[in-house]
Structures are given as C-alpha cells and as structure tokens.
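Read the structure below first, then the notes.
Taken together, the values in this text are just the output of simple stated rules run on the coordinates, not laboratory data. Because the structure is a prediction, the values reported are computed rather than measured. Here the Cβ positions follow ideal geometry from the backbone for every residue, glycine too, while neighbour counts run over all protein chains shown.
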C-alpha cells in the first residue's frame, strides 16, 4: 500500500519498481511533434440536445415503419427487389377497385332501403345515417361519411352472384312445369325434371363453393375445379376457416351499435317533435278559431324545432350521448362560428325532404316497398352528410363569424322553415294516413314512412 505522504518522485519510483513495463513506457520521451499535433487537434464536439432529440425521433419513426411493414418470413431478395406491377395491371386493378366501390355504394343504398321497410329493424338504417353525420362531424371530411362500402360490396356480390346463378334453375323449372302441364308423365317432362335435379345440384354446389372462397364476383364466374380437388382432403379445415371468417365479418358490421344508435336517435327526435306535431294533427279537428290558434302555435313550435333538430341529431351522433339532444346552447355557439354552412345544410335537408311527401300519397304493395324507400335513402344521405359537415366547420373555428353573416343566415333560414312547416301541415289532406302522416317525419326519424306496410 502506498503512503499518501510520499512525494510524487517517490510514488513514481515506487510504482516503477512494482511494474517495470509501465515504468519503461512512462520514462520514454514523447517527441515534440506529437505534442504540438495533439495541442492543435480539434476537440471532439459533444452532441447538442437538439441533435439527440432529432436522432430519437428518427429512431421512433423507423420503429413505426417497421411495425407497419411486416417483412418477417419474406426472403431478403424479395423485400429488396420487389417487382412493381406493370402499368396495364395497375390500370386494371384501379378500374376493378373503382367498380367494386361503386357497386358497394349501390349495395349499401339498396340494403338501407330494404332495412328501412322492416319494422324495428328500421333503427339500423337510421343508425347508419346518423353515424354518417357523426363521423363527418368528428373527422371534418365528407369522405368520412362513406364507410362500410367494401363490406357492402361483399354482401352485394354474395346475393347478386347467387341470384344470377339461380336464374337458369328458374328457367329450367318453368320448362319442366310447362312440359308437365302439356303432357304429364311424358319423356320430355321426365327429361326436364332430370335436368332440373342435376342443374340444382351443380349450381347450388357452385354457389356454396364460391361463398367458401370469399364470395367475390370472380369466384362466381370461375369454379376453380383444381382448387376444389386440392381442398377436398382438408374440407373440415376449410369449413372451419370459413365459419370463423363469416363470424368476424358479421362482427365487423357492428349491427348492434347501429341499432342502438338509431333507437336513441329516434327517441330523441320524437321528444322534440311530439308536442308540435300533436298540435298540428289535432288542430284540424277543432272548429273555428280554436283550431286555427292551436295550429298556429303548433306551426311556430314546429318551425323552431326545425332550426335545431338536424344539428342536435348530428351532435348526438358525434358525441354518442343522449343528453347531447338537449344541448341547444352548444348548437347555438357552433352556429355562430359557421352560420352560412348551417344555413346551407338546413336548406338542403328540408328541400330534399319535400319531394318525398309525394311518395306518401298511396302506400305501395309490400313487394315493392323497397323501391320508393330507395329514393328516401338517396335523398336523406347527402342531407346527413352536409349536416355533419356544417358542425365540423364550426368546430374548426374558435371565434364567431361577423355579425353580418350570423344575422343574414338567421333571416335567410326563416322563410325556409316557414315554407316547410306550411307544406307539411297540408300534407295530411292528401297523404294516405291523413293526420297520422304528420308523425312520419322522414328527415329526422326512420328513412321511410311505410313501416313495412
């Protein structure tokens, strides 16, 4: 152990005695050139805080990209040298994607129209339309209202593909039935019956196999016999996977969510509409001045409700709270920030609703109720989109607009709600259900007024 009171020379001599190699290195003379070079060499700069933070952010972005792009199990050559599609394939893929989206949009509208004609199930259709305005309110983009299009295309291809393949069976069935009527038990009749049995087995099998493969159009066009033969030994696994995929697809539709949203949206709208509509409905049964006074009060209340109800419904759908139906002050504050957008949304909502009253003059047969219902959905859908768009514009702004725009929008809204209330009052004289038809407010309640009649 070295003594701390020894001099530096004593300490160095002591250490040199303990380790002769270190002493030899220490006693070597350093050339002066090296000393000058070491003095003139720039010192290593320590990284700044900004550089460290930038490197950390870059590493985080690289990790996020690595999570999004999963290249595990892919050969390195495939990842590094992934061939790009040719322009012909890209064009074909783009056109196919556009066709699928348009077909999905038509399938969606048709599905909503059919659901709107079934009692109670109508709430699913109303819930979807409310979700359209709610998503646009939260996201701020009109394209946010187009959701579930690809899923609707898959359901539409399931139904439409099966329907197309069942047409030959209907034709063969009609030929067999005609042959049996003309000559019962004849050879021609027996041949057509045999053709019907064989065609039924083949076509139903083809439809089931197309469903198992995903139900797209291409699956219905080509039966893929080689793939079927390879799948026969493991058909139990194929059926299990198809069952799981079907269940996952059904869960992704969120039917209970849309039903509950539509039921609450219906209840909130009825809460606001019940009193003014009731006054308008009973006014025609009260004679003289009493009926006129009741009708006037009901009309004024109805016009006041029209100013707020479309935006209260969109606000409820965005917040997913039933109490949002009664937050009139919040809607008024949002109106101050986007008065022109509110006025335009109100104009489109009520203007698109008026022509639909002509379809209520006579109730159509139950077999074709979905046809006028399709018009109801087609007119109400853009109105819901614009309502959500007006609220989203208001949420993007912090300060109210100039008083000139606010009062101009208020005054311009008065003739719109007045004309609409006036026309709605007189619809009970030419619609099928009379005064009860006033309660069928399709702009705010279920999309179609037929209630599955």
Principal semi-axes in Å for the range 186-233 [√(5λ), Cα gyration tensor, largest first]: 28, 12, 8
Compactness index (Cα Rg / 2.2 N^0.38 Å), the range 345-404: 1.60
Debye equation applied to the C-alpha atoms of the range 233-360, log10 I(q)/I(0) at 0.20 Å⁻¹: -1.21
Evaluated over the range 197-297, the Cα radius of gyration and Dmax, each in Å: 28.1, 83
Relative contact order %, the range 260-439, counting alpha carbon pairs below 8 Å whose residues are six or more apart: 28 percent
More than 22 angstrom apart: percent of Cα pairs within the range 151-252: 45 percent
Sequence ranges 274-280, 301-307, ranked by mean other-Cβ count within 10 angstrom, highest first: 301-307, 274-280
Principal axis dimensions, largest first and in whole angstrom, of the range 123-172 by Cα: 53, 22, 11
Mean-position separation - Cα centroids, the range 174-208 and the range 243-308, in angstrom: 52 Å
The range 424-438 versus the range 332-375: alpha-carbon centroid distance in Å: 16 Å
Mean projected area (nm²) of the alpha-carbon convex hull when the range 376-453 is viewed from all directions: 6.7 nm²
Two-decimal Rg/Rh across the range 260-439, once Rg and the Kirkwood Rh are taken from alpha-carbon atoms: 0.99
Highest average packing first - 225-238, 365-378, Cβ atoms within 10 Å: 365-378, 225-238
